[in-house]
Amino acid sequence: MTAQTPPRWIRNFVDGRFVDPDDRCFDAIDPATGRVHARVHEADAPLVGRAVTAARKALDTWSATPVRERTEVLRRAADLIEARFEEFVAAEVADTGKPVTLARDLDVARAVANFRTFADVIAAAGQESFLTDLPGGRHALNYAVRKPLGVVAVIVPWNLPLLLLTWKVAPALACGNAVVVKPSEETPGTATLLAEVLAEAGLPAGAYNVVHGFGGGSAGEYLTTDPWIDGVTFTGSSATGARVMKTVAPRVRPVSFELGGKNAAVVFEDADLEETLDGLTRSVFANTGQVCLCTERVYVQRSVFADIADGLVERARSLRLGSPLEAATTTGPLISQAHREKVRGYLDLAEELGAKVLTGGNTPSLGAVLDGGSWIEPTLWTGLTNCDRPVREEIFGPVAALIPFDTEAEAIDLANDTEYGLAASVWTRDLRRGHRVAQAMNVGMAWVNTWFLRDLRSPFGGVGLSGLGREGGASSLHFYTEPTNVCVQL
Ligand code: NAD
């Protein structure tokens, strides 16, 4: 954007209409340059209340809409995102600074897949029934009818904004719910574009509402304290998840939490070196390390430690930081200056603790325009242990500690020595060991010889500080519906 271009507006969307901005506004910053690229209308408490009321009203129509018609709306939404693909990509890139190739291949492509998958999942969903034996040869038939949860508050973070939003909105709408979504204040763009798409796809007014703003004392808190929401699905940090849980506790509303991670990779000496290095490079540095599933702890069997360390350093150095619009760019900035300060704090701490910096550790200079952005070098450490804070706390940046181990049992202990429990990856040619170690990981998702390979029908979520409940496939249908069991004596 040039200095003369007035920033565009990003508005709230309530009851099927965009709301005109008033004087409660904040800036949307392009993290690649630090420049303001849009002004965002912040929702106040009455507007959030109106969004919830609109959603309640829309429930009557949408929950009564036959499943086949609902799936048609979802499929049309997928088609319309595809038709406006580059617009979604541009909005995601402007908000996050991520490389355009990543936004295309991951974020927007997955949004399309989310709508199609949950249309398929709801269309194929059945119900369990039980025939109960009674004395005297009689029976009872038990079956459960599933009803929508109601008005669902959807709160999402900034790292994969559209992907994570549609991962929740698609199944919630498929099940007949109405939603009020609160995107991250850092990334308001694509949730707003999605409002246009869903309206054009034929979703009734009020079934999808967007309220913009921050957490405490803003739209996030107004939404979670609203007495008329029926459940909260939240993706974000563990600390915020705990806060949201407290907020909704007095009204005992169901929550689904996808929270932080401190994920381990375990590399055995028999692993395919090239495949492992390629996989580790993705798992440590994808999206500048800002994926909840990213690896920040790499445990490597001692006999191959030097090979893995050297290979990973070489790959980290070959990553191309630069303009998100250039096809050759592999790595974008961190989301904000504030987040870079947090990551830099861990870089300083690691050095104070005596870590050896194998590569990175600094703020790069990328030229006049990009130097206003929140860039950081991909960084690898050795010399840290599981006792050190950079190995225990989620950093959420392009950083990892490499730590050696000798035996399989030691590797499992090290990987499980964390309060988090989101994801892990195991690298070995020995399939038995792959299964064994993956199953021993105290996490929601464990991969063998791959990372972030997702079948959207499989359960996704974490244990410990990493979350509560699962979404994906039938697990999503369970969260977004309430069963009523009917027992008929025959
Ligand atoms: P965050 O917790 O700061 O914010 C997440 C969302 O919650 C934002 O929309 C924010 O405005 C809102 N929020 C903040 N305080 C709130 C409050 N008191 N009440 C209601 N809403 C509130 O997280 P973030 O910095 O945006 O995202 C990064 C975090 O998200 C990391 O910890 C990462 O691991 C996690 N994450 C987890 C998953 C997963 O699937 N497990 C996926 C992506 C990101």
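The values are calculated or read from the model by the stated rules, or taken from the named source; none is laboratory data. Just so it is clear, the structure is predicted and the values come from calculations on it, not from any experiment. Neighbour counts are summed over all protein chains in view; Cβ atoms, including those assigned to glycine, are modelled from backbone coordinates with ideal geometry.
The residue of segment 438-490 that is surrounded by the fewest Cβ atoms within 10 Å (Cβ to Cβ), among those that are in a loop (DSSP other than H, G, I, E, B) and away from the ligand (no atom under 16 Å from the Cβ), is LEU490.
Based on what the data block shows, is ALA125 out of contact with any Cys (no Cβ under 7 Å at 6 or more places or on another chain), assigned by the TED database to the domain that holds ALA55 and in contact (Cβ under 8 Å) with a residue 24 or more places away in the chain? For ALA125, the condition - out of contact with any Cys (no Cβ under 7 Å at 6 or more places or on another chain), assigned by the TED database to the domain that holds ALA55 and in contact (Cβ under 8 Å) with a residue 24 or more places away in the chain - is met. Can you find, within segment 245-268, the residue that is nearest to the ligand (Cβ to nearest atom) among those that are in contact with a strand residue (DSSP E or B) (Cβ under 9 Å, 6 or more places away or on another chain) and assigned to a loop (DSSP other than H, G, I, E, B)? Among them, the one singled out is GLY260.
Among the residues of segment 211-224, count how many are buried (at least 21 other Cβ atoms within 10 Å of the Cβ) and either part of a helix (DSSP H, G or I) or touching a Leu at 6+ places or on another chain (Cβ under 8 Å) (or both). Residues flagged as buried (at least 21 other Cβ atoms within 10 Å of the Cβ) and either part of a helix (DSSP H, G or I) or touching a Leu at 6+ places or on another chain (Cβ under 8 Å) (or both) within segment 211-224 amount to 6.
Being without any contact (Cβ under 8 Å) to a residue 40 or more places away in the chain and under 17 Å from the mean Cα position of the chain (by Cα) is the filter here; which residues of segment 473-486 pass it? Correct list: SER475 only.
Taking segment 285-303, which residues are within 15 Å of the ligand (Cβ to nearest atom) and either over 23 Å from GLU186 (Cα atoms) or of a type in the set (Lys, Arg) (or both)? Please lay out each step first, then the result.
From segment 285-303, those within 15 Å of the ligand (Cβ to nearest atom) are 286-297; that's our starting set.
Scanning segment 285-303 gives THR295, GLU296, ARG297.
Scanning segment 272-322 for residues that are more than 20 Å from ALA103 (Cβ to Cβ), of a type in the set (Lys, Arg) and either outside any helix (DSSP H, G or I) or touching a Lys or Arg at 6+ places or on another chain (Cβ under 9 Å) (or both) gives a single hit, ARG297.
Conditions tested, residue by residue: (1) among the basic types (Lys, Arg); (2) free of Cβ contacts under 8 Å to residues at least 24 places away in the same chain.
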{"residue": "VAL48", "(1), (2)": "no, no"}
{"residue": "THR53", "(1), (2)": "no, no"}
{"residue": "LYS57", "(1), (2)": "yes, no"}
{"residue": "SER63", "(1), (2)": "no, no"}
{"residue": "GLU69", "(1), (2)": "no, yes"}
{"residue": "ALA78", "(1), (2)": "no, no"}
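Out of curiosity, is THR101 within 16 Å of the ligand (Cβ to nearest atom) and either among the β-branched types (Val, Ile, Thr) or in contact with a His (Cβ under 7 Å, 6 or more places away or on another chain) (or both)? Before you say what the answer is, go through the steps one by one.
On the way: within 16 Å of the ligand (Cβ to nearest atom): no; either among the β-branched types (Val, Ile, Thr) or in contact with a His (Cβ under 7 Å, 6 or more places away or on another chain) (or both): yes.
Answer is no for this residue.
For segment 12-39, a tally of residues being within 18 Å of ALA207 (Cβ to Cβ) and charged (D, E, K, R) returns 2. State the number of residues belonging to segment 91-131 that are outside any helix (DSSP H, G or I), in contact with a helix residue (DSSP H, G or I) (Cβ under 8 Å, 6 or more places away or on another chain) and surrounded by fewer than 23 Cβ atoms within 10 Å (Cβ to Cβ). Matching residues across segment 91-131 total 1. Within segment 269-284, does at least one residue satisfy the condition of being in the same structural domain as CYS387 (by the TED database), in contact (Cβ under 8 Å) with a residue 24 or more places away in the chain, within 16 Å of the ligand (Cβ to nearest atom) and surrounded by 19 or more Cβ atoms within 10 Å (Cβ to Cβ)? Looking through segment 269-284, at least one residue is in the same structural domain as CYS387 (by the TED database), in contact (Cβ under 8 Å) with a residue 24 or more places away in the chain, within 16 Å of the ligand (Cβ to nearest atom) and surrounded by 19 or more Cβ atoms within 10 Å (Cβ to Cβ).
Scanning segment 132-143 for residues that are in a loop (DSSP other than H, G, I, E, B) and charged (D, E, K, R) yields a total of 1.
Rundown of residues vs (1) outside any loop (DSSP other than H, G, I, E, B); (2) at pLDDT below 95; (3) more than 10 Å from the ligand (Cβ to nearest atom), yes/no style:
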site	(1), (2), (3)
TRP158	no, no, no
TRP167	yes, no, no
VAL180	yes, no, yes
GLU185	no, no, no
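Total residues in segment 225-244 satisfying the condition of being assigned to a helix (DSSP H, G or I), in contact with a strand residue (DSSP E or B) (Cβ under 6 Å, 6 or more places away or on another chain) and either more than 20 Å from SER466 (Cα to Cα) or more than 6 Å from the ligand (Cβ to nearest atom) (or both): the figure is 1.
Take LEU194 and decide whether it is buried (at least 24 other Cβ atoms within 10 Å of the Cβ) and either at positive phi or away from the ligand (no atom under 13 Å from the Cβ) (or both). Yes.
Being away from the ligand (no atom under 16 Å from the Cβ) and in contact (Cβ under 8 Å) with a residue 40 or more places away in the chain is the requirement here; does ALA306 meet it?
Numbers: away from the ligand (no atom under 16 Å from the Cβ): yes; in contact (Cβ under 8 Å) with a residue 40 or more places away in the chain: no.
In short, no.
Only one of the numbered conditions (1) surrounded by fewer than 19 Cβ atoms within 10 Å (Cβ to Cβ); (2) among the hydroxyl-bearing types (Ser, Thr, Tyr); (3) under 22 Å from the mean Cα position of the chain (by Cα) is not met by THR240, and that is (1).
The helices (runs of 4 or more DSSP H) found entirely in segment 323-425 that carry 1 or more residues being away from the ligand (no atom under 16 Å from the Cβ), charged (D, E, K, R) and within 24 Å of ILE308 (Cα to Cα) are 337-352, 408-416.
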